[in-house]
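The values are calculated or read from the model by the stated rules, or taken from the named source; none is laboratory data. What you are looking at is a predicted structure, and each value in this text was computed from that prediction instead of being measured. Using ideal geometry, Cβ is built from the backbone for each residue, glycine included, and neighbour counts are taken over all protein chains shown.
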Amino acid sequence: MATANNNEFFEALSALEKERGLSADYLIEKIRAAVVIAVKKDYGVEDENVVVEIDPEKGAFRASLVQEIVEEVENPHTQISLADARRTRKTAKVGQQFVTHLKTKDIGRIAAQNAKHVIRQGLREGERDRQYTEMQSRAHEIVTGTVVSIDPERGNVVLDLGKGGSAVLPRGEQVPGEQFMEGDVIQVYVVDVLNTERGPRITISRTHPGLVKRMFELEVPEIYDGTVEVKAIAREAGARTKIAVWSKDPNVDPRGACIGAHGSRVEKIVSELGGEKVDIILWNEDVTQFISEALSPAKVVKVKLLPGEPKSCDVTVPDHQLSLAIGNRGQNVRLCAHLTGYNINIRPESGYYGEDEED
């Protein structure tokens, strides 16, 4: 390959590196490997018989054929006779390697045949790797996407995530009742990112409890800096979320920090969630106290832990708060169970009249 062509080749690689974010070293290695394969095929040799040097700093692009010097040639591709070798190098000896630099026009032809394909392939792979790295760094985080298209039959929504590529928000990961239009900008939670041959496969959700948790971390500085800790979260997307918080600092009210002045912090999150109710619960290492808190807004008279597995308890509430404790279609007690990890049996206070109150 002539020097001028070499310069053009390396300038093109440099431009790709700057414009597309692809490593020139990555592309050079791909092209070097492709040239080795092409030379092996053309000359009927193996890897050890081919040396390809690509030096962008010197603008050098050279390929060489390495043969063994022998008395009698058995394989003309990998061997050269001592007599032929001495025509070029008088000091040549049997057993030594003889290096022949391939003609620049041959190298240029071989490189030209492979460079375009390798660069195209490198662009695809580099883009996939870049997207994967970009999205992997956002796993378990909130990302913003723009609605590109909506499948009218399945209800799946395709989102443009910018540099992170695109992802599908399935109907099952959408909050019930949500309606989207092309061009809408929405927030989603990145559940997982897998690297595949076709590029990163990104699992996103609007219903995952992690979405609400990350919203609180972004909105509440005390959670972000670790003063307040989110201990547990349970969610029925579009309806209600219960989030249990605790602070290692006795001077900090974790619930108040999450609510904010005049409810400003939690109201912003509720608005982002389209009006989904959010109960902020005080976590307590005393599980009976925690269960009592988790049944909020209902008041609890007594919590009785039951022996054995799975973890279960009987919870007594005032008669007039029985429906509140259970919630609409059992939602409140169901979320409480998810939050605490206990199976919860709700009982009215009147159900205990005349029973042994020893416990």
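Applying a threshold of 9 Å to beta carbon distances and a minimum spacing of six or more residues, or different chains, the list of pairs starting in region 155-167 at a residue that is in the same structural domain as L194 (by TED's automatic domain parsing) and ending at one that is of a type in the set (K, R) reads G155/R171; N156/R171; V157/R171; L161/R138; K163/R130; G164/R138; G165/R128; A167/R201. Only one entry in E153, E173, E125 is over 14 Å from T203 (Cβ atoms) and at pLDDT 75 or above, namely E153. Using the structure shown, decide if G341 is closer than 30 Å to E222 by Cα, out of contact with any Lys or Arg (no Cβ under 9 Å at 6 or more places or on another chain) and exposed (fewer than 15 other Cβ atoms within 10 Å of the Cβ). Considered against the rule, which asks whether it is closer than 30 Å to E222 by Cα, out of contact with any Lys or Arg (no Cβ under 9 Å at 6 or more places or on another chain) and exposed (fewer than 15 other Cβ atoms within 10 Å of the Cβ), G341 comes out as no.
When the strands (runs of 3 or more DSSP E) confined to region 276-345 are screened for residues that are over 18 Å from A237 (Cα atoms), those reaching at least 2 such residues are found at 302-306, 312-317. Among the residues of region 71-84, those that are in contact (Cβ under 8 Å) with a residue 12 or more places away in the chain and under 18 Å from V45 (Cα atoms) comprise H77, T78, Q79, I80, S81. So G354 ticks every box in (1) closer than 29 Å to E217 by Cα; (2) of a type outside the set (K, R); (3) at pLDDT below 95; (4) more than 33 Å from the chain's Cα centre (by Cα) but one. Which box is left unticked? Status for G354: all satisfied but (1).
Is it true that D319 is assigned by TED's automatic domain parsing to the domain that holds I243 and either over 39 Å from the mean Cα position of the chain (by Cα) or buried (at least 20 other Cβ atoms within 10 Å of the Cβ) (or both)? No; evaluated as a whole, the condition is false for this residue.
One residue stands out in region 81-122 among those that are within 41 Å of the chain's Cα centre (by Cα) and modelled with pLDDT of 70 or more: the one that is surrounded by the fewest Cβ atoms within 10 Å (Cβ to Cβ), namely R120.
The residues on offer are Q174, Q187, and the sole one that is crowded, with 20+ Cβ neighbours inside 10 Å and over 15 Å from the mean Cα position of the chain (by Cα) is Q174.
Is it the case that region 149-164 has a residue that's more than 26 Å from the chain's Cα centre (by Cα) and of a type outside the set (K, R)?
Yes, because at least one residue in region 149-164 is more than 26 Å from the chain's Cα centre (by Cα) and of a type outside the set (K, R).
Going through (1) of a type outside the set (F, W, Y); (2) part of a strand (DSSP E or B); (3) touching a Phe, Trp or Tyr at 6+ places or on another chain (Cβ under 7 Å) one by one, E217 falls short only on (2). Counting only residues that are in a helix (DSSP H, G or I) and either in contact (Cβ under 8 Å) with a residue 40 or more places away in the chain or under 18 Å from T207 (Cα atoms) (or both), region 237-265 holds 2 of them. Residues of region 188-201 that are among the aliphatic types (A, V, I, L, M) and closer than 29 Å to K277 by Cβ: V188, V190, V191. Note on region 167-207: residues that are of a type in the set (D, E) and over 21 Å from Q136 (Cα atoms) amount to 3.
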